[in-house]
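The values are calculated or read from the model by the stated rules, or taken from the named source; none is laboratory data. A quick note: this is a predicted structure, and the numbers were derived from the prediction, not measured. As a convention, Cβ positions derive from the backbone with ideal geometry for all residues, glycine included, and neighbour counts pool all protein chains shown. What goes into the accessible areas is simple: the full protein's heavy atoms, side chains included, and nothing from ligands, DNA or RNA. Shrake-Rupley method; radii C 1.70, N 1.55, O 1.52, S 1.80 Å.
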Amino acid sequence: MNTHLMTFQNTSIVLGEGLRQSVLLEDACKTSSIVLIADENIAELYGKEMQSYLQSSSKEVYLLTFPPGEASKSRATKEKLEDQMQKKGLGRDTTLIGIGGGVTTDLAGFIASTYCRGIPLILMPTSLLGMVDASIGGKTGVNTPYGKNLIGTFYLPETLIIDFDFLVSLPKEGIEEGLVEVIKMALTSDKKLFDEMEKAGESLLKLDKPLKRIIKRACEIKLEVISTDFEEKKGMRRILNFEHTVGHALEKFFNYQMPHGTAVAIGIIAESFIACELELLKRTYFNRIVKLLKPLAPCKQFDLREVYDYMILDKKSQDQLPRFVLIDNIGHVLAFNDDYCTLVEEDVVLNALQFIQEI
Ligand SMILES: NC(=O)c1ccc[n+]([C@@H]2O[C@H](COP(=O)([O-])OP(=O)(O)OC[C@H]3O[C@@H](n4cnc5c(N)ncnc54)[C@H](O)[C@@H]3O)[C@@H](O)[C@H]2O)c1
């Protein structure tokens with residue numbers, strides 16, 4: 001059954017099954033032309049059939065594709081896709097539908113926000129990470145040789161359609177990666193969700209009721225957080241940066257070859273270790289976090305000093321020292337004067353890095 005979750009600003013958010021060929025999708029497309037943007041995998045799996053479906057309502061529907069992967073989240077891909085749209089004579093009377101993982105929703109959102117100074121956008125995330133995180137909150141963007149997501153906009157879709165059926169084709173690693181993000185949200189915002197995930201265990205790997213329930217809850221949490229601080233001008237949205245100081249430094253150290261979900265899982269353990277060492281977080285809670293995440297955080301050897309130095313590049317750093325978002329309970333982040341992050345002694349950080357090499 002489909003659920004209308006809520007309307008956030010002007011975005012209508014719907015979760016359910018069978019939505020990729022539905023009256024709901026047709027009704028959401030109010031313009032005479034439609035552009036579907038998908039990576040080549042998703043175009044094959046779903047894009048072509050969606051194009052035929054939408055064409056049956058006598059609209060002009062184009063499917064534009066790009067190679068899958070993070071490397072495509074670039075200014076070059078954006079330009080190529082925009083040129084293809086212009087060549088087809090598409091103007092403001094065009095709805096852009098981004099179908100895919102976070103790479104597609106970020107890229108499609110960015111294109112929609114600047115094409116003819118903004119055209120209607122529909123997002124249909126297909127990866128679990130896309131459903132619970134990337135498609136929610138209006139952040140769009142591309143990477144540059146200098147870093148990730150350095151160029152982009154805040155732009156909300158008119159409609160966000162989360163069709164659980166897409167998950168059928170997602171490999172197990174994709175589900176695990178998304179689950180790590182949900183565990184992170186539970187740790188910062190919802191103890192009940194963490195308890196539920198602990199209990200559900202491996203059953204969350206199946207496309208069944210427990211997984212659908214936690215996707216819905218994760219969407220609600222992300223919406224709650226961003227609604228307090230949509231354009232990241234205050235501190236609250238910073239709680240989404242939990243694990244980033246360690247996680248991003250590891251991703252950089254491994255030259256972005258470490259799976260993102262692994263970096264997130266290790267980052268959560270390391271930053272929870274710091275909170276535990278500082279006697280902010282109870283050891284029993286820390287042990288539960290390690291138990292839940294350990295299978296998703298395979299042990300990796302790395303140079304502690306080099307990873308520490310990468311942490312200083314984090315955007316939260318102050319006076320050349322890394323800062324951390326810390327939890328003091330499962331489901332709660334410490335405010336630190338509404339900054340939601342704090343400096344931590346170097347030896348505590350190095351101990352945390354040592355710990356994650358040993359678990
Ligand atoms: N905008 C935000 O707030 C935000 C938040 C978190 C992450 N992100 C971004 O999201 C991106 C990562 O997202 P991702 O992990 O979804 O990456 P992705 O879009 O590259 O998808 C990963 C792979 O899975 C495939 N795939 C996706 N859905 C599938 C399905 N249903 N069946 C089979 N294969 C499928 C894709 O083709 C791709 O090969 C990063 O660029 C990150 O920066 C953005």
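Exposed loop positions in the chain were taken to be trypsin sites (Lys or Arg not before Pro) whose DSSP state is not H, G, I, E or B and which have at most 16 other beta-carbon atoms within 10 angstrom. Between these positions, the longest stretch is 93-205. The GluC sites (Glu not before Pro) found in the range 150-253 that occupy coil by DSSP, while having at most 11 further C-beta atoms within 10 Å, are Glu231. The residue among Thr144, Thr114, Leu205 whose Cα reaches farthest toward the positive pole of the charge dipole of the range 77-210, with charges on the beta-carbon of Lys, Arg, Asp and Glu, is Thr114. Please state the relative contact order of the range 277-349 as a whole percent: Cα pairs under 8 Å, 6+ residues apart? Averaging sequence separation for qualifying contacts and normalising by length gives 28 percent for the range 277-349. Placing R0 at 45 angstrom, the Cβ-Cβ distance between Leu313 and Ser56 gives a FRET efficiency of 0.35 after rounding to 0.05. For the chain, the Cα gyration tensor yields ellipsoid semi-axes of 36, 22, 18 Å (square root of five times each eigenvalue, largest first, whole Å). The length gained by stretching the chain between Cys116 and Lys87 to full extension, at 0.36 nm per residue less their Cα-Cα distance, is 9.1 nm. The length gained by stretching the chain between Lys192 and Arg283 to full extension, at 0.36 nm per residue less their Cα-Cα distance, is 30.9 nm.
To the nearest whole percent, what portion of all C-alpha pairs in the range 195-253 is separated by more than 20 angstrom? Cα-Cα pairs of the range 195-253 separated by over 20 Å account for 50 percent. Computed from point charges on the beta carbon alone (+1 for Lys and Arg, -1 for Asp and Glu), the dipole magnitude for the chain about its Cα centre is near 600 Debye. In the P(r) worked out for the range 301-359, what percent of Cα pairs fall beyond 19 Å? When all Cα pairs of the range 301-359 are counted, 36 percent exceed 19 Å. Just how far, in whole angstrom, is the range 15-29 from the range 76-115 if you go by their alpha carbon centroids? Value for the Cα centre distance between the two parts: 20 Å.
Counting only protein heavy atoms and a 1.4 Å probe, the chain has 44 square angstrom of accessible area per residue. Diffusion coefficient of the range 235-292 by Stokes-Einstein, Kirkwood radius over Cα pairs, 10 °C, 1.306 mPa s: 133 µm²/s.
Note on the range 1-122: Kirkwood radius taken over Cα pairs, Stokes-Einstein applied at 4 °C and 1.567 mPa s, translational D equal to 88 µm² s⁻¹. Sites listed here are GluC sites (Glu not before Pro) in the range 1-97 whose DSSP assignment is loop and whose Cβ has at most 15 other Cβ atoms within 10 Å: Glu17. Under the simplified labelling scheme, the Ala335-Arg75 pair shows an inter-label distance of 4.1 nm, with each label point 7 Å from Cα along Cα→Cβ.
Can you give the net charge of the other residues whose Cβ lies under 15 Å from the Cβ of Pro120, counting K and R as +1 and D and E as -1? Once positives and negatives cancel, what remains is -1. Length, then width, then depth: along the principal axes, the Cα atoms of the range 236-359 run 35, 34, 26 Å.
Exceedance of the 18 Å cut-off in Cα-Cα distance is limited, within the set Lys78/Lys233; Lys199/Lys291; Lys222/Lys294, to Lys78/Lys233; Lys222/Lys294. The residues neighbouring Lys212, those whose beta-carbon lies less than 12 Å from its own, together hold a net charge of +1 under the Lys/Arg +1, Asp/Glu -1 convention. Remark: the Asn255-Lys148 segment gains 37.3 nm on full extension, using 0.36 nm per residue and subtracting the alpha carbon distance.
Of the three principal axes defined by the Cα atoms of the range 122-260, the extents in descending order read 40, 36, 29 Å. Ignoring aspartates and glutamates fewer than eight residues from Lys48 along the same chain, the ones with Cα atoms less than 18 angstrom from its Cα are Glu26, Asp39, Glu40, Glu60, Asp163, Asp165. Taking GluC sites (Glu not before Pro) across the range 266-296, the ones in a DSSP loop with at most 15 further Cβ atoms lying within 10 angstrom of their Cβ are Glu279.
Cα convex hull, the range 168-222: 70 Å³ per residue, rounded to a whole number. Farthest towards the positive end of the charge dipole of the chain, among the residues Ala275, Ala335, Gln318, is the Cα of Ala335, using unit charges on the Cβ of Lys, Arg, Asp and Glu. Just the protein heavy atoms count here, and of the accessible area of the chain at 1.4 Å, carbon and sulfur take up 49 percent.
The amide H of Thr95, built 1.01 Å from its N in the peptide plane, has Thr31, Ser33, Ile34, Val35 as neighbours under 5 Å, considering only residues 5 or more places off or on other chains.
Mean residue ellipticity at 222 nm from the helices of the chain, using -39,500 (n - 2.57) per DSSP H segment of n ≥ 4 over the full residue count, to the nearest 500 deg cm²/dmol?
Roughly -13000 deg cm²/dmol at 222 nm, from the helical runs in the chain.
Based on Cα contacts under 8 Å between residues 6+ apart, the chain shows a relative contact order of 13 percent.
Computed over the chain with a Gaussian network model linking Cα atoms closer than 10 Å, the most mobile of Ala108, Ala270, Ala335 is Ala335.
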